[in-house]
Amino acid sequence: MGRGKYTTQEALEAQPEPTATCPIVRVLGPRGQNLHEVAVASSLVSPEINARLNADAQPWFTTLAQLPPRFRSVLWVRRGSYVLADLSDQLTDKIGGEIAMVLLAAQVKRLKQAGQWPSLYADKWAEISGHSSHAQPDSQSDDQGNPNRRVADDESSDSEPDSDSDDMLPRGNPNRRVIDDESSDASSD
């Protein structure tokens, strides 16, 4: 029962409450050494934090947030996810705060139901989770471009019901070049 078990249990069962000094921010990406660049909406933080981070005139500003040692190697922060960042005390000139909690999908859902989810992030969460209300029926899915995935033709499955079921099985490794043995036999004659 190391610290990892309790940290994970705490992260799963926690009930996050965003405040003016600890708002919900969106992770733009990792910047190395447990630092993550986050986008903060100026309307979600207190005026003191806006003044300190020089974000008075901008609706959004970016800063670095540090992942504390207790979360390292236990929780992972992905690009595009949401976290609670404690921006109350600036750690250095470049690091604007510390990640207080990584928000999981169940916690985001609870925040939305409680009405605490910022309306600024409503469309962004739909894009990330795949529950977009603006779905286009004619758009192509991302997995159609995957060369390693076999797609069954609808026409062939209607004309021959289960006659060649082993046609759907992969033949060899699709990442390896196929060497035709017949061409080598013809060239040797």
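If the requirement is being at pLDDT below 90 and closer than 28 Å to Y6 by Cβ, which of these qualifies: D56, D123, D89? Steps first, please.
Working: D56 fails: closer than 28 Å to Y6 by Cβ; D123 fails: closer than 28 Å to Y6 by Cβ.
After ruling out the rest, the residue left standing is D89.
For segment 88-123, enumerate the residues that are hydrophobic (A, V, I, L, M, F, W, C) and either closer than 19 Å to Q33 by Cα or part of a strand (DSSP E or B) (or both). Spell out how you get there, then give the answer.
Restricting attention to segment 88-123, the residues satisfying the condition of being hydrophobic (A, V, I, L, M, F, W, C) are 91, 95, 99-106, 108, 111, 114, 117, 120, 122.
Passing the criteria: L91, I95, I99, A100, M101, V102.
Taking S129 as meeting all but one of (1) over 30 Å from P47 (Cβ atoms); (2) open to solvent by 60 Å² or more (accessible area, probe 1.4 Å); (3) modelled with pLDDT under 85, write down the number of the exception.
Condition (2) is where S129 drops out.
So D89 passes all but one of these: (1) closer than 17 Å to M101 by Cβ; (2) in contact (Cβ under 8 Å) with a residue 24 or more places away in the chain. Which condition number does it fail?
Failed condition: (2).
Being under 16 Å from the mean Cα position of the chain (by Cα) and not in a helix (DSSP H, G or I), is that true of even one residue in segment 16-24?
We begin by selecting, within segment 16-24, every residue under 16 Å from the mean Cα position of the chain (by Cα); these are 24.
Keeping just the survivors that are not in a helix (DSSP H, G or I) gives 24.
Checked segment 16-24: at least one residue is under 16 Å from the mean Cα position of the chain (by Cα) and not in a helix (DSSP H, G or I).
Can you tell me which residues in segment 42-70 are over 19 Å from the mean Cα position of the chain (by Cα), small (G, A, S) and not in a loop (DSSP other than H, G, I, E, B)?
Listed by number, the residues that qualify are S42, S43, A51.
What residue, among those in segment 92-120 that are more than 18 Å from P23 (Cα to Cα) and charged (D, E, K, R), is modelled with the highest pLDDT?
Restricting to residues being more than 18 Å from P23 (Cα to Cα) and charged (D, E, K, R), the top hit is K94.
I'd like to check something: does segment 59-77 contain any residue that is of a type in the set (V, I, T) and open to solvent by less than 10 Å² (accessible area, probe 1.4 Å)?
no
The values are calculated or read from the model by the stated rules, or taken from the named source; none is laboratory data. Source: prediction; values computed, not measured. Backbone-built Cβ (ideal geometry, glycine too); neighbour counts: all protein chains shown. For the accessible areas, the whole protein counts, side chains as well, though only heavy atoms, and no ligand, DNA or RNA atoms are used. Shrake-Rupley method; radii C 1.70, N 1.55, O 1.52, S 1.80 Å.
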